[in-house]
Amino acid sequence: MTENIHSSADGSSQYTGTGSENDPIVPNIKPQARDQVKAAIASLGADVDSYAAAFRSAADLSASLPADVRKIVSDASSAITGTVATAHNARIKADGFLADVRLYPEGRQALAGEAIKDAQDKVSESLADADVRLKIAESELYEAARPKLPQAEAMTARADLEMVTRRQISSPGALTDTLKSLAAGGDSVAALVADSAYLGRFLDAQGVESDVRDAILTSVQGAVVKAAAESGDAKRMAAGRTSLALVELRKARAVAASYTRHKLNGK
């Protein structure tokens, strides 16, 4: 028999087949372009690894960095990137259950739901673990990055700090700029300003409002870390560079959360 082909207005074949038992008429469906949403989700998974790689490239994980800190940031990175495989494998497992015609519909849904729920719990635990490690790493890296004040120079440094900042106390902007400038130095005053506990008490004693105080501490810490990353001290430089690189791990964490949410929700 002659193959039966019906054409659409644009000349493309809509159906093929002769209509016989061995050659039924079927729609002539052209291969569809990959679903854009799925492609975007897959791209998020790749971005997690890209940000983690960017962290490793920007950080200084050499022996100049304390071994315990290296382990903390390494474990944080692994906890974040591991969520991609967890979500991907769970989605494959769940879809496999849903496609298994040997099971009753209720059974398919139940098994798929269990696979997804288990993965969601694991992802939540991994991201929470990464958050804790990142916070610890930030604190440890700052301590390693900031210069230390020799006890013999403490009294003079305190007097110098009070003298230099006396006129800026009532002007938060000017005070912040002055403290950041001092923190970027390499002398005893810089070491004193880099001590967040002391600087916090100093600002409280000067009557600086709490929200302004917190903003100043954050700005000063940033200046200390940047100065450390460019210092000639290998240990401080390693801590400073790694601290600055943590922003890449935080990006990886944010993207991992988005990827796993979409992947496990089936969207």
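Length available on full extension from Arg158 to Asp129: 0.36 nm per residue minus the Cα-Cα distance, which gives 6.5 nm.
If you run the Gaussian network model on the chain, springs between alpha carbon atoms under 10 Å, then out of Ser181, Ser210, Ser74 the most flexible one is Ser210.
Between Ser57, Ser124, Ser170, the Gaussian network model of the chain with springs among Cα atoms under 10 angstrom shows the greatest mean-square fluctuation at Ser170. Considered as an equivalent ellipsoid built on the Cα gyration tensor, segment 134-267 has semi-axes of 33, 19, 11 Å, the largest given first. Each residue of segment 182-187 was assigned a 3J(HN,Hα) from its phi angle through the Karplus expression (A = 6.51, B = -1.76, C = 1.60, θ = phi - 60°), giving 5, 5, 7, x, x, 9 Hz with x at Gly and Pro. Put simply, the C-alpha atoms of the chain give a gyration tensor, and the ellipsoid matching it has half-axes of 61, 20, 17 Å, longest first. Please give the helix 67-99 orientation as an angle from the longest Cα principal axis of the chain, in degrees from 0 to 90, rounded to the nearest 10. Once rounded, one gets 20 degrees.
Taking GluC sites (Glu not before Pro) as exposed when their DSSP state is a loop state and no more than 14 other Cβ atoms lie within 10 Å, the longest site-free interval of the chain runs over 22-208.
Relative to the longest principal axis of the Cα atoms of the chain, helix 196-205 runs at roughly 60 degrees. If you take every residue apart from Val220 with its C-beta less than 13 Å away from the C-beta of Val220, what net charge results, scoring Lys and Arg +1 and Asp and Glu -1? Within the 13 Å Cβ shell, the charges total +1. The long axis of helix 234-265 is offset from the longest Cα principal axis of the chain by roughly 30 degrees. Counting Lys +1, Arg +1, Asp -1, Glu -1, what net charge surrounds Asp100 among other residues with beta carbon under 12 Å of its beta carbon? Once positives and negatives cancel, what remains is +2.
Which pairs in the list Lys148/Lys226; Lys180/Lys226; Lys71/Lys180; Lys71/Lys117; Lys148/Lys251; Lys71/Lys93 are over 22 Å apart, alpha-carbon to alpha-carbon? Listed pairs above 22 Å: Lys71/Lys180; Lys71/Lys117; Lys148/Lys251; Lys71/Lys93.
Each value in this text was obtained by applying a stated rule to the coordinates, not by laboratory testing. Note that the structure is predicted; figures quoted are calculated from it, not measured. Heads up, the Cβs are rebuilt from the backbone with ideal geometry, glycines too, and the neighbour counts pull from every protein chain shown.
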